[in-house]
Each structure stands twice: as structure tokens, then as C-alpha cells.
Amino acid sequence: MEITKESAKLQLIGKELALHMLKILNNQYNRLEDESKKEKIQTELIPIYENLYIQFNEEIKKEDAVITEEEIKKIAKPIYKIIKENNLSEDNLLKEAIKRNELHGNSGAEIVKKMMVNQIKAIESKVESLVKDGTVLLKKELEYEEALKEEISAEEEDRLNIDLDTIKTGLDLITDRMAEMKTAKRKIENDLQKRWKYEIFGTLTKEELLKE
């Protein structure tokens with residue numbers, strides 16, 4: 001079935017509404033200090049609009065999707081309910097959607113996405129450096145442990161044990177730091193995969209983004 005003018009309009013409004021609400025919630029989350037309130041936004045509110053965003057990007061957007069007028073009305077009902085409950089304007093959402101399309105490829109979304117990609121590269125570089133540092137310490141650890149097996153003076157044994165403790169502390173710090181880097185990288189990769197984390201800036205020019 002050919003996608004009608006009504007379904008095309010709904011696609012624009014639905015996606016823009018999802019991104020509009022996600023941007024508001026994302027800003028609220030970043031400003032809040034209360035962990036319980038942040039958790040509520042993260043686990044209860046954001047998923048609602050993430051699902052809405054996914055729906056309008058993976059289902060309605062498919063050119064071969066069969067969408068009946070009845071299905072359009074069914075999808076439209078919750079959309080317009082959210083618009084009304086949040087005192088939003090359908091016309092403004094359409095204007096934002098049009099602006100997003102006009103700025104595509106040259107908007108704040110591209111800058112944020114590039115920043116996220118660069119953050120991942122920076123993390124990978126840090127991890128590589130940590131691996132090298134860890135390798136050096138592991139070699140020293142093995143050397144000192146082998147040295148302790150030899151017949152050495154009590155004074156030399158004490159010195160080696162002190163050095164070994166320092167090395168082990170260094171290795172523990174590297175392990176902890178690498179775990180932090182892995183978590184940070186996974187989060188950014190997840191944000192990139194979700195897409196909305198950078199697409200919420202798609203209605204801003206690069207200059208406007210820098211002022212935010």
C-alpha cells in the first residue's frame with residue numbers, strides 16, 4: 001500500500017515529538033543531583049520515548065511497510081495525546097522536523113556524533129597505553145619474583161618485596177582504570193547505537209550548538 005500524505009505527516013510529527021521529549025528528559029537528567037529522580041527519568045520516562053523514536057525509525061519509515069488508515073489512526077491517538085498533555089504544537093513540531101531535514105548533514109547532531117566517535121577513539125588510545133604500562137609492570141613483577149627465589153640478603157629481599165608491592169598496586173590501578181574505560185566506551189557505543197543521543201541536536205546549527 002502506498003504511504004499516504006497522512007502517514008508521512010505522522011512520521012514527521014512522531015519522530016520529532018520523540019526527539020523533543022528525549023531532549024527535555026536528557027537535559028533534566030543532566031541537571032539533576034537527586035539520584036532517585038535521575039533513576040526515574042532513566043528507567044521509566046526515557047524508555048517511553050525511546051520506543052516511540054524506534055517505532056518511527058524502524059517501522060513507519062520502511063518504504064515497503066503496509067500501513068492502513070486504521071493503523072495510522074491507532075498510532076496517531078497516543079501521539080496527539082502526548083502533544084496535548086505537554087502543551088506542544090503540531091505545527092511547531094512539523095516546523096522543527098522540516099528544519100531538521102534542511103540541516104541534515106550540517107547540524108549539531110553531526111558535531112555531537114563526531115564528538116562521541118572521537119571520545120571512543122580517545123578511550124581506545126588510553127586503553128592501549130594502559131596495556132603497555134601493564135605489560136612493563138608484569139615483566140618487572142616476574143623478574144622480581146624470580147629474583148626472590150635466589151639466595152639473596154635479607155636487605156635485598158625486603159627491597160624486592162617493597163618494590164613488588166608497589167608494582168602490584170600499580171597493576172591494580174591499571175586494572176581498575178581499564179574497567180572504567182571499558183564501561184565508558186560501552187556507554188558511548190550504546191548511545192551511538194540508539195542514535196537519539198545525538199539526533200536531539202539535529203535542529204540546531206553548529207553555531208547554535210556551541211552556544212548551548
Item to check | Whole-angstrom Cα spans of the chain along principal axes, big to small | outcome: 88, 36, 35
Item to check | the range 108-202 - Kirkwood radius from inverse mean 1/r over Cα pairs (Å) | outcome: 16.0 Å
Next on the checklist: I'd like the Karplus ³J(HN,Hα) series for the range 203-211: coefficients 6.51, -1.76, 1.60, θ = phi - 60°, whole numbers in Hz, and an x wherever there's a Gly or Pro.
Outcome noted: 9, 9, 6, 4, 5, 5, 4, 5, 7
Next on the checklist: Given the -39500 (n - 2.57) contribution per DSSP H run of 4+ residues, what per-residue ellipticity at 222 nm results for the chain, rounded to the nearest 500 deg cm²/dmol?
Outcome noted: -27500 deg cm²/dmol
Checklist entry - Tyr144 to Thr175: FRET efficiency via 1/(1 + (r/R0)^6), r the Cβ-Cβ distance, R0 25 Å, to the nearest 0.05? => result 0.85
Checklist outcome for this item: Per the 1/(1 + (r/R0)^6) rule, R0 = 41 Å and r from the Cβ atoms of Val136 and Thr183, FRET efficiency to 0.05 is 0.95
Item to check | Distant alpha-carbon pairs in the range 5-103 (separation over 18 angstrom), percent | outcome: 50 percent
Checklist entry - Among 181-193, 105-117, what's the highest-first ranking by average C-beta atoms within 10 angstrom per residue? => result 105-117, 181-193
Item to check | In degrees, nearest ten, helix 46-58 long axis to first principal axis of the chain (Cα) | outcome: 70 degrees
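Any read-out appearing in this document is the output of simple, stated calculations on the displayed coordinates, not a laboratory observation. Here the structure is a predicted model, which means the values were calculated and not measured. So basically every Cβ, Gly included, is an ideal-geometry build from the backbone, and we count neighbours across all protein chains shown.
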